[in-house]
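The values are calculated or read from the model by the stated rules, or taken from the named source; none is laboratory data. On a predicted model such as this, the values are computed, not experimentally measured, just so you know. Cβ placement follows ideal geometry from the backbone for every residue including glycine, while neighbour counts extend to all protein chains displayed.
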Amino acid sequence: MNKKVLFIAQGAVIAALYVVLTLAANAFGLANYAIQVRFSEALTILPAFMPAAIPGLFIGCIISNTLTGAMLPDIIFGSLATLIGAVGTRFLSRISKWLSPVPPIIANMVIVPPILYYVYQIPGSIPFFVLTVGLGEVISCGILGMILYHAIEKRKDRLFEQENS
């Protein structure tokens, strides 16, 4: 199989999974606003295993934010937080698997709270939103993401087997 085609296909599957999982979280009121526990954020662990996850997560987040009714600054900057987190995961996972979920947690804790405060004008404060967004990201990326990491790690050779072309 052509490596470029494989890269695009993997990224597309990850984007689709991100959208489906975000819509599932949104059905429970967990995808947007002050309290966010997006199940899809667990997928931010995938760049530790495959570079195609980086654009897949970014595009999936753009689509998810659009479909869940996010405002334009949230679509742009929230998706950039996911992109920054995915790139950070790719690099920090080489140091330690335990550092893998840290970049998306931090990126979202820094970028999302001002969006909630200034764009959506949700009552509260930026430090409060840092806490609520951070807690949601720790659950999504830190706990669910590491569960996913360990499930994949045991099978990574079979899951990410690539043909030479």
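Part of a helix (DSSP H, G or I), out of contact with any Cys (no Cβ under 8 Å at 6 or more places or on another chain) and under 18 Å from Glu153 (Cβ atoms): does that describe Arg94?
Taking the combined requirement at face value, the residue does not satisfy it.
Kindly indicate which of Ile143, Ile45, Ile35, Ile147 is under 24 Å from Gln10 (Cα atoms), loosely packed, with under 15 Cβ neighbours inside 10 Å and either touching a residue at least 60 places away in the same chain (Cβ under 8 Å) or touching a Lys or Arg at 6+ places or on another chain (Cβ under 8 Å) (or both).
From the options Ile143, Ile45, Ile35, Ile147, the qualifying one is Ile147.
Within region 105-123, which residues are touching a residue at least 24 places away in the same chain (Cβ under 8 Å) and out of contact with any Pro (no Cβ under 9 Å at 6 or more places or on another chain)?
Selection gives Ile105, Ala107, Asn108, Met109, Val110, Ile111, Val112, Leu116, Tyr120, Ile122.
Can you find a residue in region 97-109 that is surrounded by 22 or more Cβ atoms within 10 Å (Cβ to Cβ), part of a helix (DSSP H, G or I), modelled with pLDDT under 95 and of a type in the set (Gly, Ala, Ser)?
Checking region 97-109: not a single residue is surrounded by 22 or more Cβ atoms within 10 Å (Cβ to Cβ), part of a helix (DSSP H, G or I), modelled with pLDDT under 95 and of a type in the set (Gly, Ala, Ser).
Considering each of Arg90, Arg155 in turn, give the residue that is modelled with pLDDT under 95 and more than 11 Å from the chain's Cα centre (by Cα).
Arg155
Can you spot a residue in region 69-79 that is of a type in the set (Gly, Ala, Ser), surrounded by 15 or more Cβ atoms within 10 Å (Cβ to Cβ), modelled with pLDDT under 95 and in a loop (DSSP other than H, G, I, E, B)?
Yes, there is a match, as at least one residue in region 69-79 is of a type in the set (Gly, Ala, Ser), surrounded by 15 or more Cβ atoms within 10 Å (Cβ to Cβ), modelled with pLDDT under 95 and in a loop (DSSP other than H, G, I, E, B).
Check Leu57, Leu83 and return the single one that is farther than 20 Å from His150 by Cβ, under 10 Å from the mean Cα position of the chain (by Cα) and either assigned to a helix (DSSP H, G or I) or among the aromatic types (Phe, Trp, Tyr) (or both).
Every option except Leu83 fails the conditions.
Would you be able to say whether some residue in region 32-51 is of a type in the set (Ser, Thr, Tyr), out of contact with any strand residue (DSSP E or B) (no Cβ under 7 Å at 6 or more places or on another chain) and in a loop (DSSP other than H, G, I, E, B)?
yes
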